[in-house]
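Everything below concerns the one structure shown next.
What follows is calculated from the coordinates using simple rules that are stated; it is not laboratory data. None of the values given here were measured: they were computed from a predicted structure. Please note: Cβ atoms are built from the backbone with ideal geometry, for glycine as well, and neighbour counts cover all protein chains shown.
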Amino acid sequence: MKKVRKTPPPQPDCTYPQGFEGLMAPIKRRQDPFFLVEGDLPDPDVDFSPLKATRIPRSEQWEGRDPFLTDYAGNAMWLRQFFKGKPELCHLMGCLVMITRRDDVPPAALALWFRLWDEEAAFLTEHLDIRWKISALRTFGAYGRSEMERRLGREFFLTTGLMKLADTERSFSGLGPDEPFALGRRKTGTVSLGQASYTVAMGDLDAHLLLQLHETVNALNATDEGRGAGHLGEDVLTRIMSCPKTVFRRLMILREKFQNNRADNDAPDTP
């Protein structure tokens with residue numbers, strides 16, 4: 001049986017009765033800084049070329065126990081299992097993400113992070129999977145050098161996080177993420193916060209959300225310092241636009257159904 005995180009049940013007037021401090025407590029326990037020693041991080045001017053050319057063997061196995069929470073070296077070794085077949089540079093990126101999830105991030109780690117994305121954004125976006133791209137955006141959201149880099153990371157983390165929550169909750173309907181609902185069984189009335197539901201046939205909320213991401217990406221791509229983050233954001237936005245399993249795609253398919261029904265109703269009768 002799968003493990004289930006123990007949380008108090010929602011109450012009629014509060015989804016999380018433990019409050020924000022209760023929500024933060026288990027997260028905070030995992031934010032203690034790593035114990036780093038000399039040599040754990042590459043030199044700030046490390047040559048990235050060998051790390052790009054060398055791949056982590058697919059046969060490599062993790063045989064140890066789960067590392068201690070603050071043991072950087074152990075956690076770095078444990079992390080390698082998630083980058084099998086990938087260039088070592090991707091693992092370095094993952095290690096830096098891991099460090100930035102903790103308190104008291106060393107300045108040397110941040111300096112290496114920005115140099116990595118300033119110089120190797122194209123390589124990283126080509127080789128990282130979407131999980132690590134979103135994780136990288138989250139790091140930009142927390143530690144970006146400019147308000148625009150921080151905005152990019154926060155907007156993408158919020159958007160992709162809500163997409164994942166919505167798609168996962170929806171999966172209990174028995175439909176896959178690429179299967180739109182049929183017309184004719186919709187429940188009418190207000191939705192969350194007493195809002196009027198989205199008008200699928202005529203609404204443009206989806207366009208506003210995507211255009212906000214697009215504007216932030218374009219603004220960063222127009223700068224020298226933020227171009228690496230912008231390249232990453234552009235890659236993820238392209239994937240959102242092309243993925244057939246998003247709420248955006250399902251809404252567009254529903255709109256097409258409305259259009260087809262309208263066309264059928266407007267068609268002249270034939271003898």
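Which residue fluctuates the most in the chain, going by a Gaussian network model with Cα springs under 10 Å, if the choices are GLY174, GLY189, GLY94?
GLY189
For region 67-120, with only Lys/Arg (+1) and Asp/Glu (-1) charged at the beta-carbon, what is the dipole magnitude about the Cα centre, in debye rounded to 20?
Working: 6 positive and 7 negative charges, 51 e Å.
In total the dipole reaches around 240 debye.
For region 1-150, would you read off the P(r) tail past 23 Å as a percentage of all alpha carbon pairs? All intermediate terms of the calculation are to be shown ahead of the outcome.
Numbers: 5136 of 11175 pairs.
It works out to 46 percent of all Cα pairs.
How big is region 192-236 along each principal axis, measuring the range of its Cα positions in Å and listing the largest first?
43, 22, 15
Treat the count of other C-beta atoms within 10 Å as a stand-in for reagent exposure and order GLU120, GLU21 from fewest to most.
Values: GLU120 21, GLU21 8.
Fewest-to-most ranking of GLU120, GLU21: GLU21, GLU120.
Separation of region 142-221 and region 233-264 by C-alpha centroid, Å?
Here the answer is 12 Å between Cα centres.
Among PRO107, GLY94, PHE48, whose Cα lies farthest out toward the positive end of the dipole of region 30-127, if unit charges sit on the beta carbon of Lys, Arg (+1) and Asp, Glu (-1)?
Final value for the positive-end residue is GLY94.
Would you order THR125, THR7 from fewest to most other beta-carbon atoms within 10 Å of each residue's own beta-carbon?
Numbers: THR125 20, THR7 12.
Listing THR125, THR7 from fewest to most nearby Cβ atoms yields THR7, THR125.
Pop out the Kirkwood hydrodynamic radius of region 134-248 from its pairwise C-alpha distances, inverse of mean 1/r, in Å to one decimal. Could you put the intermediate results ahead of the total?
Details: mean 1/r = 0.0635 Å⁻¹.
Final number for the Kirkwood radius of region 134-248 is 15.7 Å.
How far is helix 107-127 tilted, in degrees, relative to the longest principal axis of the Cα atoms in the chain, given as a value from 0 to 90 rounded to the nearest 10?
Around 50 degrees separate the two axes.
Work out Dmax and Rg for region 58-136 from the C-alpha atoms and quote the Rg first, both in angstrom.
Calculated on Cα positions, Rg and Dmax stand at 12.8, 35 Å.
Taking the Cα centre of the chain as origin, work out the dipole magnitude from +1 charges on Lys and Arg Cβ and -1 charges on Asp and Glu Cβ, in debye rounded to 20. Don't skip to the end; give the middle numbers.
Values: 37 positive and 38 negative charges, 263 e Å.
That gives the chain a dipole magnitude of about 1260 debye.
Can you give me the orientation-averaged projected area of the convex hull built on the Cα atoms of the chain, in nm²? Numbers along the way, then the final one.
Working: hull surface 83.5 nm².
Result: a mean projected hull area of 20.9 nm².
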